[in-house]
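Note sheet for the following structure.
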Amino acid sequence: MNKNQFYIGQRVKQKDPDDGCMVYGHIKEIKEKSVIIDWSDLKGVEHFEDEFDSIKDGNPDSFITK
């Protein structure tokens, strides 16, 4: 994602490099060159522009495939 795609309260996800699983959080603040995310296990984590590509929209798909 890029900075213009983030918004306050947005649910996001990222693959945890240590555990190899997806972690979910919410955008709490958008700064000039970073975003602050409250993850389920860590609060107030600052992520800089070089990490934005690894942060994905965490909202489930709005449609159901049959």
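The values are calculated or read from the model by the stated rules, or taken from the named source; none is laboratory data. Given the structure is predicted, the values throughout are model-derived calculations rather than measurements. A quick note on method: Cβ atoms are made from the backbone with ideal geometry, for glycine too, and the neighbour counts reach across all protein chains shown.
Restricting attention to the stretch 3-38, the residues that are under 12 Å from D57 (Cα atoms) and touching a helix residue (DSSP H, G or I) at 6+ places or on another chain (Cβ under 6 Å) add up to 1.
In the set K43, K28, only one residue is part of a strand (DSSP E or B), basic (K, R) and either modelled with pLDDT of 95 or more or within 10 Å of the chain's Cα centre (by Cα) (or both); that residue is K28. Taking (1) exposed (fewer than 15 other Cβ atoms within 10 Å of the Cβ); (2) not in a helix (DSSP H, G or I) in turn, V12 satisfies each apart from (1).
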